[in-house]
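I have placed the structure first, in the form of structure tokens, so that the comments after it can refer back to it.
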Amino acid sequence: MTEPIVELEQVTKSYGTHTVLKDISITLEPGKFYTLLGPSGCGKTTILRTISGFTSVTSGNVLFNGKRINEVPANKRNVNTVFQDYALFPHMTVAENVAFGLTLKKMPKDQIAERVANALKLVQLAEFGDRAIDELSGGQQQRIAIARAIVMQPQVLLLDEPLSALDAKLRREMQYELRDLQQRLGITFLFVTHDQEEALAMSDEIFVMNNGEVLQSGSPVDIYDEPINHFVADFIGESNILPGKMMGDYQVAFGGHQFECADAGIPAHEPVEIVIRPEDLNLTEPEHAKLKVTIDTQLFRGDYYEIAATDSLGNDWLIHSVNPAEDGETIGITFRPQDLHVMRYDEKEEEFDARLETYEGTEDDDLDET
Amino acid sequence: MMTLTKRKTWFYFIPYGLWLALFVIAPLALIFYQSFFSLDHHFTFSNYTTYFQSLTYLKMTLNSVWYALLITVFTGLISYPTAYFLHGLKHRQFWLLLVILPTWINILLKAYAFIGIFSQAGLANQFLSFIGIGPQQILFTNASFIFVATYIQIPFMILPIYNALDDLSPAFINASQDLGASGWQTFRRVIFPLTLPGVKAGVQAVFIPSLSLFMLTRLIGGNKVITLGTAIEEHFLTTMNWGMGSTIGVVLIVAMVIVMLLTGDQKPKGGTPR
């Protein structure tokens, strides 16, 4: 394992009686793309600010390259930030903005010019050096904000919801570009977003947060396939979450039937929740079905139909199907055992990981190839 | 529909239009017109030739500009740090109100108060005696004139600077620090340039009225400094030379326009102007 570049050790932040960060411990390795994902007000930006130095922690340690930096002021930290509203200086040209940090370092002028030109080229705005900030579009300002940060050659780049002000199409483009930029520069990116699609698309590792806590961390695939609890399952992607009961290892009951599943290590008869992603459900003839549902409504989404249905016990089902169904029709649905994911109530991440270890063995290894 | 909205707009324009005509355009036209008449009501350019050939008037003009400049500089030196400090306070609206309060009191009352404070037996001299310096001539000096004028102008400088600081997004300060700037570098390269419009507005609000101060020059400055304001008053009320008084008025108006142009909004940096 490589030496971590940034570590938060049991970091807590409170304002009076209000705690915004609760015992956060996260580790960032060099050269990876990390995402802090959560709804607004969950504390993700506060984590960013403790690393950049704009917010002091109430307790715990912030480590950079193994050294404690709790007391190091923001202007002495080797991290740079791309701010949510870009914060480009309106009284300077594009080139002056990008050069700002370098001129403070009293670097020779020709060297500054060279590095500014390179940074602008990297964000594909090489010709824009003489422009005024208010002449740029939102997407261009976004790139200049990135150029201004990476010209400093930081070891860690912090990005605070940098794409939230862009329209959907531009946002998708920038997702590719940011990912590409991170891989070319080979530095650590810590990206903050409330957009789960963005997080899944770009990250090596995601920290899912809510109410000042990191609920789950892992690769996008891990988090999508094996959410730890109701919140994560609901927040990441779309899902059917149903109450059920564990009947023994690899056996779970819900919707009035017992099914084979891929989860184990949970005491029999413990109440649990079952997650099934809508795209894992297949429509079939009622006689071949695992469950029968009645179609309520359906929406055409372009590449699939989004079907809302109800089973005989009154549970709502969301199904993504390539083929349409008839409203009011009773139809069968099937799924494979591995499509079911069982979640225990109030299980912590360590317990969850430990339980997975007991029966999954080396299955995790193949995820590293992605 | 179109005509209705148009008519409505016209209706709202009436008070402003009247004000503009009666109190801006008419006085300006009158002053300009008057400045071409001699004492015996004949059309003449002699007022202007006298003004620009007379050493007395030129010296007066220089005096006015010089003292207005001094007052503006001192006001600025006190106001910027004050506005900056006030802006960082918790109950800043309240503290700002305390700065604004004195402007609600008539300027003459304040001037008379200072006569009391600066007089031979006044508070200032009592204090100087107490610390062993002994009574000094404070009233009717240039220093006391500048002091009182600065005191009166400070709120008009603090307000626009305070508002500019208020409009400044803290994100700029964060960004500056994030890029490695110290507190002083952030101030010099980001905060001050971005609040410069506030300083300019303050300079306009202070420098231009200071050009024509005349009550203070008499009451506090003891008429040692004769400014253009004093000269205008003398010509209209004492020598009854309205033509000359108007000519000086025209010069003052031109000076004001120059100051406004100098402190006005500059084109945005780089590229094509909007």
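The values are calculated or read from the model by the stated rules, or taken from the named source; none is laboratory data. All values reported here derive from a predicted model rather than from experimental measurement. Note that we place each Cβ from the backbone using ideal geometry, even for glycine, and neighbour counts take in every protein chain shown.
Scanning segment A:176-218 for residues that are in contact with a Lys or Arg (Cβ under 7 Å, 6 or more places away or on another chain) and among the β-branched types (Val, Ile, Thr) gives A:188, A:192. Restricting attention to segment A:250-261, the residues being out of contact with any Leu (no Cβ under 7 Å at 6 or more places or on another chain) and either part of a loop (DSSP other than H, G, I, E, B) or crowded, with 19+ Cβ neighbours inside 10 Å (or both) number 1.
Every residue, every condition in (1) loosely packed, with under 14 Cβ neighbours inside 10 Å; (2) within 8 Å of another protein chain (Cβ to nearest Cβ); (3) more than 24 Å from residue A:193 (Cβ to Cβ), yes or no:
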{"site": "A:71", "(1), (2), (3)": "yes, no, yes"}
{"site": "A:78", "(1), (2), (3)": "no, no, no"}
{"site": "A:81", "(1), (2), (3)": "no, yes, no"}
{"site": "A:89", "(1), (2), (3)": "no, yes, yes"}
{"site": "A:101", "(1), (2), (3)": "no, yes, yes"}
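Looking at segment B:67-78, is at least one residue farther than 27 Å from residue B:203 by Cα, surrounded by fewer than 17 Cβ atoms within 10 Å (Cβ to Cβ) and of a type outside the set (Phe, Trp, Tyr)? No: segment B:67-78 contains no residue that is farther than 27 Å from residue B:203 by Cα, surrounded by fewer than 17 Cβ atoms within 10 Å (Cβ to Cβ) and of a type outside the set (Phe, Trp, Tyr). The set of residues in segment A:278-303 that are within 16 Å of residue A:244 (Cβ to Cβ) and basic (Lys, Arg) contains only A:290. If you go through segment B:130-180 and pick out every residue that is in contact (Cβ under 8 Å) with a residue 24 or more places away in the chain, crowded, with 20+ Cβ neighbours inside 10 Å and within 14 Å of chain A (Cβ to nearest Cβ), you end up with 1.
Taking the numbered list (1) over 20 Å from residue B:172 (Cβ atoms); (2) in contact with a Gly (Cβ under 6 Å, 6 or more places away or on another chain) in turn, residue A:111 passes all entries but (2). Under the condition of being surrounded by 15 or more Cβ atoms within 10 Å (Cβ to Cβ) and either basic (Lys, Arg) or facing chain B (nearest Cβ under 10 Å) (or both), the residues counted in segment A:103-116 number 3. Is it the case that segment A:330-340 has a residue that's part of a strand (DSSP E or B) and within 30 Å of residue A:37 (Cα to Cα)? Checked against the condition, which is being part of a strand (DSSP E or B) and within 30 Å of residue A:37 (Cα to Cα), segment A:330-340 yields no hits at all. One residue stands out among those in segment A:4-29 that are β-branched (Val, Ile, Thr) and over 21 Å from residue A:156 (Cα atoms): the one that is surrounded by the most Cβ atoms within 10 Å (Cβ to Cβ), which is A:20. Test of understanding: among A:287, A:279, which residue is assigned to a helix (DSSP H, G or I) and more than 25 Å from residue A:218 (Cα to Cα)? The unique qualifying residue is A:287.
A count restricted to segment A:43-54 and to residues that are at the interface with chain B (Cβ under 8 Å from one of its Cβ atoms) and free of Cβ contacts under 8 Å to residues at least 24 places away in the same chain stands at 1. When the strands (runs of 3 or more DSSP E) confined to segment A:143-245 are screened for residues that are farther than 30 Å from residue A:101 by Cβ and assigned by TED's automatic domain parsing to the domain that holds residue A:115, those reaching at least 3 such residues are found at A:213-218.
Based on this model, can you work out whether residue A:282 counts as surrounded by 17 or more Cβ atoms within 10 Å (Cβ to Cβ), polar (S, T, N, Q), out of contact with any Leu (no Cβ under 8 Å at 6 or more places or on another chain) and touching a residue at least 40 places away in the same chain (Cβ under 8 Å)? Spelling it out, residue A:282 is indeed surrounded by 17 or more Cβ atoms within 10 Å (Cβ to Cβ), polar (S, T, N, Q), out of contact with any Leu (no Cβ under 8 Å at 6 or more places or on another chain) and touching a residue at least 40 places away in the same chain (Cβ under 8 Å).
Answer with yes or no whether residue A:119 is within 14 Å of chain B (Cβ to nearest Cβ), part of a helix (DSSP H, G or I) and either in contact with a strand residue (DSSP E or B) (Cβ under 8 Å, 6 or more places away or on another chain) or not hydrophobic (A, V, I, L, M, F, W, C) (or both).
No; evaluated as a whole, the condition is false for this residue.
If I filter segment A:55-66 for residues that are free of Cβ contacts under 8 Å to residues at least 60 places away in the same chain, in contact with a Lys or Arg (Cβ under 7 Å, 6 or more places away or on another chain), of a type outside the set (Phe, Trp, Tyr) and within 14 Å of chain B (Cβ to nearest Cβ), do I get at least one hit? Looking through segment A:55-66, at least one residue is free of Cβ contacts under 8 Å to residues at least 60 places away in the same chain, in contact with a Lys or Arg (Cβ under 7 Å, 6 or more places away or on another chain), of a type outside the set (Phe, Trp, Tyr) and within 14 Å of chain B (Cβ to nearest Cβ).
Of all residues in segment A:79-103, those that are in a loop (DSSP other than H, G, I, E, B) and in contact (Cβ under 8 Å) with a residue 24 or more places away in the chain total 9. Listed by position, the helices (runs of 4 or more DSSP H) inside segment B:165-254 whose residues that are among the basic types (Lys, Arg), over 30 Å from residue B:36 (Cβ atoms) and within 18 Å of the chain's Cα centre (by Cα) number at least 1 are B:192-211. In this structure, does residue A:124 turn out to be part of a loop (DSSP other than H, G, I, E, B) and within 14 Å of another protein chain (Cβ to nearest Cβ)? No, not satisfied.
Candidates are the residues of segment A:30-63 that are touching a strand residue (DSSP E or B) at 6+ places or on another chain (Cβ under 6 Å) and among the aromatic types (Phe, Trp, Tyr); the one that is surrounded by the fewest Cβ atoms within 10 Å (Cβ to Cβ) is A:33. For segment A:63-78, the criterion of being more than 23 Å from residue A:186 (Cβ to Cβ), assigned by TED's automatic domain parsing to the domain that holds residue A:194 and part of a strand (DSSP E or B) is satisfied by at least one residue.
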